[in-house]
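Trainee: This is the structure, below, for whatever I ask next.
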Amino acid sequence: MKILIADDDPQILRALRVTLRARGYNIVTAADGAEALNQAIEQHPDLVMLDLGMPHLDGLDVIAGLRGWSQVPILVVSGRTGAADKVEALDAGADDYVTKPFSMDELLARIRALTRRQTNTPDDPVITFGDITVDLTAKQVTRKTSDTSEPVRLTPTEWLIFHQLLRHPGKLVTKEALLTEVWGPTHPGDNGYLRLYIAQLRKKIEAEPSRPRHLLTEPGMGYRFVPDA
């Protein structure tokens, strides 16, 4: 598997290149945002890891540029720890976010989660609730408007969480189950991180994200998808 790593810190680039190559990954590096986009076009990586604070083009510009033509998984690895920075990166099209400093075990788990193959059976249904229609087989979400339907773009991580909730309508899905499904058995156990993704999903799915009707929180336990009556 080929990973593009974009960071303007040569020590981080060197450490990640050596460590990930030792684990069998094919590594391509870029020292700034413009080079990252060029490498992505030329190398067609299976995953992109990038810092937000890079010269020439910052990480958000790189994400926007990639999302103009590619759905490659994007893992932000940044020293910016604020929730607003995470939300901005996720809204721009990133699929996951790791803050520096990080443990290599956590980083490897995030990489595995983003590249894990997700398969659906041929009889996966089409689910409709509110003004949302979800085709589980095609992994497509659309929102009905007055005269047409508009696509709703979910990141791969958002889709994994949403898919698990949809497959268990009306039932509690525990936080532990969601964390394990999305990030694997060695997940970091970051419930705050999961709350962030649920909030992002509500912004895209719910008519009133602050008063959700379909993606409900069960305090201290997990989340529940409630379809229409």
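Trainee: Determine whether Arg110 is touching a Phe, Trp or Tyr at 6+ places or on another chain (Cβ under 9 Å) and either farther than 22 Å from Leu201 by Cβ or crowded, with 18+ Cβ neighbours inside 10 Å (or both).
Mentor: When the stated conditions are applied, Arg110 passes them.
Trainee: Any idea which of (1) closer than 15 Å to Val141 by Cβ; (2) free of Cβ contacts under 8 Å to residues at least 12 places away in the same chain is the one Gln200 doesn't satisfy?
Mentor: (2)
Trainee: I'd like the full set of residues that are at pLDDT below 80 and either assigned by TED's automatic domain parsing to the domain that holds Lys86 or crowded, with 19+ Cβ neighbours inside 10 Å (or both), limited to segment 175-192.
Mentor: Listed by number, the residues that qualify are Val182, Trp183, His187.
Trainee: Can Leu172 be described as buried (at least 16 other Cβ atoms within 10 Å of the Cβ), in contact with a Phe, Trp or Tyr (Cβ under 8 Å, 6 or more places away or on another chain) and over 20 Å from Tyr97 (Cβ atoms)?
Mentor: no
Trainee: Note down all Cβ pairs under 7 Å where the first residue falls in segment 138-155 and is touching a residue at least 12 places away in the same chain (Cβ under 8 Å) and under 18 Å from Arg67 (Cα atoms), the second is aliphatic (A, V, I, L, M) and in a strand (DSSP E or B), and they're at least six residues apart or on different chains.
Mentor: Val141/Ile132; Val141/Val134; Val152/Val141; Leu154/Val141
Trainee: Name, by its number, the condition in (1) modelled with pLDDT under 85; (2) outside the structural domain of Ile198 (by TED's automatic domain parsing) that does not hold for Glu106.
Mentor: Going through (1) modelled with pLDDT under 85; (2) outside the structural domain of Ile198 (by TED's automatic domain parsing) one by one, Glu106 breaks only (1).
The values are calculated or read from the model by the stated rules, or taken from the named source; none is laboratory data. From a predicted model like this one, the values you see are computed outputs, not experimental measurements. With ideal geometry, Cβ positions are generated from the backbone for all residues, glycine too; neighbour counts draw on all protein chains shown.
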